[in-house]
Amino acid sequence: MTEPLSELCFVSAKAQVIHGSIRVPGDKSISHRSVIFSALADGVSNIEGLLEGEDVLATLAAFRAMGVQAEGPVDGKLTVYGVGMQGLEAPESPLDMGNSGTAMRLMSGLLSAQSFTSVLIGDESLSKRPMRRVMLPLKLMDANCSAEQDGTPPIEIHASEQLNGIHYDLPVASAQVKSAILLAGLYAKGTTKVVEPAATRDHTERMLNAYGYVCSAEQGVICLTGGGKLTAQDISIPADISSASFFMVLASIIPDANLLLEHVGVNATRVGVINILRLMGADIELLNQREAGGERVADIQVRYRCLTAVDVPPEQVPLAIDEFPVLCIAAACATGVTRFRGAEELRHKESDRIFAMSEGLRAIGVKIDEYPDGMDIEGGDIRGGKVDSQLDHRIAMAFAVAGAVAENPIEISRCENVATSFPNFVELANQVGMRLSINNPIIGGRN
Ligand code: S3P
């Protein structure tokens, strides 16, 4: 994907009243997987609720480049004509995964099992992210894949004669690594077994079973046997709890706020943000809980309540790994010092999120201490000022939420990647009462 030509800034000023009812876009993790499994299935899959963000569109473009026909997405609806497990064709050029670590890591596993050569590339941020964590287990499965000397992309993958199942103890709690191994395992001889050090999101396991491929998961041991097939499904994707989390924190910190977030996925491996906010005293209710598309879904009601600092329980960290930036804003508004530890993985996301949040919070007047694996954040008044999103969508949106309570506006630079996960963030933010504008210095205007 080409780098953006202009630099997009957000300016977030003090919000008035926060209220309303919104549905945030589809879950990013589930959207990627729905495209992957639909493409590999026998038959036609109809997907609804798909996230039309750049990350998922990168995954879809990769399958189109490998001969998969698809109609859409339009209004979250996508029809995929599956080519079967052996139906992918060699792409003519490198597959561009844009900003998406999920796309690159999951596709590495899948492409390692194909009978053709492929190359995976990404944008500036993705090109710096660690890929050894997937290369290593895939090589143990006899895949012929490699990253650069320092373990970063591009990734080059050649056909290998036969992948072999492995028993792999994950050194880091990572759903992306787990999923890459499982995707390769679909084609491997024998059984592939992955053992997790801590629970991570289980959408791959759930969706495999939904598409008729038996994948067992018991007490952190995930198992499947190669050589099966996937059957097309109609699938409904819930709203992304990671996107909803910006609004959960927003409503928790603005006096008198009352927000309803509709049809949000509340899979037990994703609800760390709710658990942590509730520990801090937040008023969050899960209404109308139900099953949809093999996932637990609820409407989430959030009302303002004073937050209190906590020591974030380490077992919640992998369950809230993408919500750390906005949880830092909650911590900055809470009474006392909130401590995050055991979150070293945050240094390997779209940016080094511990560094990005530390720098940004300091710049807007929040007292913090940075540690290799976390931060201490002292709650208090937020002054406002200028911060750099480090081209990271979640850093940009977290500081936009901070602007809603700050004494002076917060100007956030380099926000273009918000479109990777939440294309209509600005629109929904203003709809519920935030005062968030876009300032494009190249065009010079504001809207
Ligand atoms: C994801 C897994 C997580 C998460 C990412 C999405 C996935 O990454 O941070 O946004 O869809 O599997 P890790 O597996 O690196 O923890």
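The values are calculated or read from the model by the stated rules, or taken from the named source; none is laboratory data. All values reported here derive from a predicted model rather than from experimental measurement. No Cβ is skipped: glycine too gets one built from the backbone with ideal geometry, and neighbour counts run over all protein chains shown.
State whether the residues of the stretch 314-325 include one that is touching a residue at least 60 places away in the same chain (Cβ under 8 Å), over 21 Å from Ser421 (Cβ atoms) and surrounded by 16 or more Cβ atoms within 10 Å (Cβ to Cβ).
no
Of all residues in the stretch 178-199, count the ones that are more than 19 Å from Tyr213 (Cβ to Cβ) and in contact with a Phe, Trp or Tyr (Cβ under 9 Å, 6 or more places away or on another chain).
Total satisfying the criteria: 1.
Could you tell me whether Pro25 is of a type outside the set (S, T, N, Q), surrounded by 20 or more Cβ atoms within 10 Å (Cβ to Cβ) and within 25 Å of Leu126 (Cα to Cα)?
On the way: of a type outside the set (S, T, N, Q): yes; surrounded by 20 or more Cβ atoms within 10 Å (Cβ to Cβ): yes; within 25 Å of Leu126 (Cα to Cα): yes.
Yes.
If we scan the stretch 67-83, do we find a residue that is over 18 Å from the mean Cα position of the chain (by Cα), touching a residue at least 60 places away in the same chain (Cβ under 8 Å), away from the ligand (no atom under 16 Å from the Cβ) and surrounded by fewer than 22 Cβ atoms within 10 Å (Cβ to Cβ)?
No, every residue in the stretch 67-83 fails to be over 18 Å from the mean Cα position of the chain (by Cα), touching a residue at least 60 places away in the same chain (Cβ under 8 Å), away from the ligand (no atom under 16 Å from the Cβ) and surrounded by fewer than 22 Cβ atoms within 10 Å (Cβ to Cβ).
How many residues are under 23 Å from the mean Cα position of the chain (by Cα) and free of Cβ contacts under 8 Å to residues at least 24 places away in the same chain if we restrict to the stretch 186-227?
Qualifying residue count for the region: 2.
On the given criteria, is Ser21 at pLDDT below 95, out of contact with any Lys or Arg (no Cβ under 9 Å at 6 or more places or on another chain), farther than 20 Å from His203 by Cα and not aromatic (Phe, Trp, Tyr)? Can you show your working first?
Working: at pLDDT below 95: no; out of contact with any Lys or Arg (no Cβ under 9 Å at 6 or more places or on another chain): yes; farther than 20 Å from His203 by Cα: yes; not aromatic (Phe, Trp, Tyr): yes.
So Ser21 does not fit the description; no.
Would you tally the residues in the stretch 169-186 being within 23 Å of Leu346 (Cα to Cα) and within 14 Å of the ligand (Cβ to nearest atom)? Break it down stepwise before answering.
At the first step, the residues of the stretch 169-186 found to be within 23 Å of Leu346 (Cα to Cα) are 169-181.
Imposing the further condition that a residue be within 14 Å of the ligand (Cβ to nearest atom) reduces the set to 170-181.
Total meeting the criteria: 12.
Do we have Thr200 as among the hydroxyl-bearing types (Ser, Thr, Tyr) and either in the same structural domain as Arg347 (by TED's automatic domain parsing) or part of a strand (DSSP E or B) (or both) here?
Details: among the hydroxyl-bearing types (Ser, Thr, Tyr): yes; either in the same structural domain as Arg347 (by TED's automatic domain parsing) or part of a strand (DSSP E or B) (or both): no.
Taking the combined requirement at face value, the residue does not satisfy it.
Just give me the residues in the stretch 253-272 being among the polar types (S, T, N, Q) and either buried (at least 24 other Cβ atoms within 10 Å of the Cβ) or more than 15 Å from Glu295 (Cβ to Cβ) (or both), in sequence order.
Initially, the stretch 253-272 is screened for residues among the polar types (S, T, N, Q), giving 258, 267, 269.
Of everything in the stretch 253-272, just one residue is among the polar types (S, T, N, Q) and either buried (at least 24 other Cβ atoms within 10 Å of the Cβ) or more than 15 Å from Glu295 (Cβ to Cβ) (or both), namely Asn258.
Residue check: is Asp55 within 16 Å of the ligand (Cβ to nearest atom) and among the acidic types (Asp, Glu)?
Details: within 16 Å of the ligand (Cβ to nearest atom): yes; among the acidic types (Asp, Glu): yes.
Answer is yes for this residue.
Check Ser236 against each of (1) within 16 Å of the ligand (Cβ to nearest atom); (2) surrounded by fewer than 24 Cβ atoms within 10 Å (Cβ to Cβ); (3) touching a residue at least 40 places away in the same chain (Cβ under 8 Å) and name the one condition it does not meet.
Failing condition for Ser236: (1).
Please go through the stretch 187-199 and pick out each residue that is crowded, with 24+ Cβ neighbours inside 10 Å and within 15 Å of the ligand (Cβ to nearest atom).
Selection gives Val194 alone.
One residue is enough: does the stretch 160-167 have a residue meeting the conditions β-branched (Val, Ile, Thr) and within 15 Å of the ligand (Cβ to nearest atom)? Can you show your working first?
The initial filter retains those residues of the stretch 160-167 that are β-branched (Val, Ile, Thr), namely 166.
With within 15 Å of the ligand (Cβ to nearest atom) added as a condition, the list becomes none.
No; the residues of the stretch 160-167 include none that is β-branched (Val, Ile, Thr) and within 15 Å of the ligand (Cβ to nearest atom).
Can you pull out every residue in the stretch 229-265 that is within 17 Å of Asp322 (Cα to Cα) and assigned to a strand (DSSP E or B)?
Within the stretch 229-265, Ala239, Val264, Gly265 meet the criteria.
Regarding Glu205, is this residue over 25 Å from Pro25 (Cβ atoms), among the acidic types (Asp, Glu) and at pLDDT 95 or above?
Working: over 25 Å from Pro25 (Cβ atoms): no; among the acidic types (Asp, Glu): yes; at pLDDT 95 or above: yes.
Criteria not met by Glu205.
Does Pro171 satisfy being assigned by TED's automatic domain parsing to the domain that holds Pro313, part of a loop (DSSP other than H, G, I, E, B) and not basic (Lys, Arg)?
Values: assigned by TED's automatic domain parsing to the domain that holds Pro313: no; part of a loop (DSSP other than H, G, I, E, B): yes; not basic (Lys, Arg): yes.
Spelling it out, it is not the case that Pro171 is assigned by TED's automatic domain parsing to the domain that holds Pro313, part of a loop (DSSP other than H, G, I, E, B) and not basic (Lys, Arg).
Select from the stretch 306-333 the residues that are within 16 Å of the ligand (Cβ to nearest atom), of a type outside the set (S, T, N, Q) and closer than 21 Å to Gly220 by Cα and list them in ascending order. Explain how you work it out, then say what you get.
First pass over the stretch 306-333, keeping only residues within 16 Å of the ligand (Cβ to nearest atom): 314-328.
Now drop any that are not of a type outside the set (S, T, N, Q), which leaves 314-315, 317-328.
Correct list: Pro314, Glu315, Val317, Pro318, Leu319, Ala320, Ile321, Asp322.
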